Amino acid sequence: MKLYYGNMLESRIGGSGIAIGAIEALEGRIKSIDAELKRNRAEGQLQFMDLPYEPIDSIVNIANEAQECENFLLIGIGGSSWGSIALHTALSHPYHNLLPRDKRCGRPRFFVLDNCDPDEFAGLMDTIELDRTLINVVSKSGATPEPMANFLKCYELMKRYTGRYAEHFVITTDEGGVLMRLAAEEGFPCLVIPKGVGGRFSVFSPAGLFPAAVLGIDIKEMLSGARHMDSICKKPDLWQNPAYMFAALEYLAMTVKGYNISVLMPYSRRLRHLVNWYMQLWAESLGKEQTRDNKTVNTGSTPLKSIGATDQHSLLQLFNEGPFDKTITFIRVENYANKVELPPVLHGYNELEYLGGHTMEELMKTEQFATQLALTNHRRPNKTIEIPEIDAFSMGELMYFFEVVVTVMGELLNVNAFDQPGVEEGKMLTYALMGRSGYEHKIGEIMREEGEFIEWQ
Ligand code: PA5
């Protein structure tokens, strides 16, 4: 992998770029953060960093049995679903569910319920047969309303319509929580998300690894990619460490330049959900009201998804000519899995003839380069992560890379990247409104804001 960062610099794009001196000035701080992180990790406070070194035998064993099912349904939300969705989209066949079983390597079809949308739920129940479905309920807390609503309804339906319903569930949750108790009573197999690992940092735990293994993704390769990235991210010098450089540039873009939007733009549709995973990781970790020492800062930058080349025809106009408020990070893929040759069939049509004899891969890579050039010409800060190809190893590398970037960003911004009080608040108000006991006091805080409206027919 490579991180090209020249187009972020003042020397390349003028005053909208970051001065090399500003990066140099951050070297000392990055070195202390590096030392601090290493200390914290040694004391077991950054457990997510060690996940790629954990044994995976129980995950593989349960996954081997689970592959037999026709449908694999993941119930989870946020950090408990995005990692699996990202891995499946990147590494399985793009039309996995539509293929006959032998063409999807004998693996089950994959479905996700990551909302509590009644229409989607009912639609899915119309589509899959429950007695041919294995359900993986992933919830670290076991108390999140959306996945628990999906679970409760599936549990009821399974009990009513299938004989040995316990065989249709695998639970992935926290040690000692409500779901683990239930799993023990019901005899559901249970995989554990370690206590110290937060949802959005859990892709290398059973939360991400089990669904990936059921779907035939090479999780050993993925973990070696993550371990390889770990070895690179241990370098204390930001000029040698891509995650530290990435974090330093984004931090300076935010705090010195006031750029408060961070765009991630892979040139591959297979990486579209990696961006959703990254957006959640970035937004929930860095969007904070207070610093660690309780100063109100309301900090954070807004992550934005953009898919090349599709969004060249949607967002690029804004990126090139709109306000100077964003950085753009491309993910460039060196080798695509397929080569599609474009035939020179239309002679004499100047507008189309030029495509003949090229490949779609060439066009995709050219479009990425052209967009990068256009942005640079417009003095827009941009950088590029280049990966050799999209495989389990590079996905492990990329996901570990972004986890380290976000951790270091949290340190630079002096916020706790591992909590999410803004999410918890919404959960608690939902509990109160839905009548969960112990949350009655929250009702007093709830104001109905529906006083003013316009109605039309
Ligand atoms: O990253 C996080 O901590 C959150 O996004 C959680 O993953 C999300 O709220 C779901 O929580 P749980 O796994 O407890 O159901």
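The values are calculated or read from the model by the stated rules, or taken from the named source; none is laboratory data. Keep in mind it's a predicted model, so treat the numbers as computed, not measured. A quick note on method: Cβ atoms are made from the backbone with ideal geometry, for glycine too, and the neighbour counts reach across all protein chains shown.
Miscellaneous remarks
- For the range 289-334, a residue qualifies if it is in a loop (DSSP other than H, G, I, E, B) and hydroxyl-bearing (S, T, Y), and the qualifying residues are T291, S301, S306, S314.
- Failed item, numbered, when L26 is tested on (1) closer than 21 Å to N416 by Cβ; (2) within 16 Å of the ligand (Cβ to nearest atom): (2)
- Answer from L429, L352 - the residue that is part of a helix (DSSP H, G or I) and under 30 Å from the mean Cα position of the chain (by Cα): L429
- The set of residues in the range 143-152 being modelled with pLDDT of 95 or more and among the aliphatic types (A, V, I, L, M) consists of M148, A149, L152.
- Residue count, the range 86-114 (criterion: within 16 Å of the ligand (Cβ to nearest atom) and not in a helix (DSSP H, G or I)): 3
- Cβ pairs under 9 Å, 6+ apart, first in the range 75-88 and under 18 Å from F151 (Cβ atoms) and in the same structural domain as I390 (by TED's automatic domain parsing), second hydroxyl-bearing (S, T, Y) and within 12 Å of the ligand (Cβ to nearest atom): none
- Residues satisfying the stated conditions in the range 138-169, i.e. among the small types (G, A, S) and under 18 Å from S81 (Cα atoms): S139, S141, G142, A143, A149
- Members of the range 376-406 found to be under 16 Å from E36 (Cβ atoms) and in contact with a Leu (Cβ under 7 Å, 6 or more places away or on another chain), listed by number: V406
- Among the residues of this structure, S301 counts as one that is of a type in the set (S, T, Y) and within 20 Å of the chain's Cα centre (by Cα).
- Here the condition is being more than 16 Å from the ligand (Cβ to nearest atom) and of a type in the set (D, E); of E341, E424, it holds for E341 alone.
- Residue satisfying all of: in the range 115-150; in a helix (DSSP H, G or I) and within 16 Å of the ligand (Cβ to nearest atom); surrounded by the fewest Cβ atoms within 10 Å (Cβ to Cβ) among these: P145
- Matching entry among Y354, Y349, Y439 (being modelled with pLDDT under 95 and surrounded by 14 or more Cβ atoms within 10 Å (Cβ to Cβ)): Y439
- Count of the range 224-233 residues which are more than 16 Å from I387 (Cα to Cα) and either free of Cβ contacts under 8 Å to residues at least 24 places away in the same chain or in contact with a Ser or Thr (Cβ under 8 Å, 6 or more places away or on another chain) (or both): 1
- Failed condition for H168, given (1) under 26 Å from the mean Cα position of the chain (by Cα); (2) farther than 21 Å from R436 by Cα: (1)
- Long-range neighbours under 6 Å by Cβ, at least six apart or interchain, first residue in contact (Cβ under 8 Å) with a residue 12 or more places away in the chain within the range 386-402, second aromatic (F, W, Y): F402/Y278
- In the range 366-403, the residues that are more than 21 Å from S16 (Cα to Cα) and touching an Asp or Glu at 6+ places or on another chain (Cβ under 8 Å): E386, I387, P388, E389, D391, A392, F393, G396, Y400
- Conditions (1) under 28 Å from V178 (Cα atoms); (2) away from the ligand (no atom under 16 Å from the Cβ); (3) outside any loop (DSSP other than H, G, I, E, B); number of the one not met by G83: (2)
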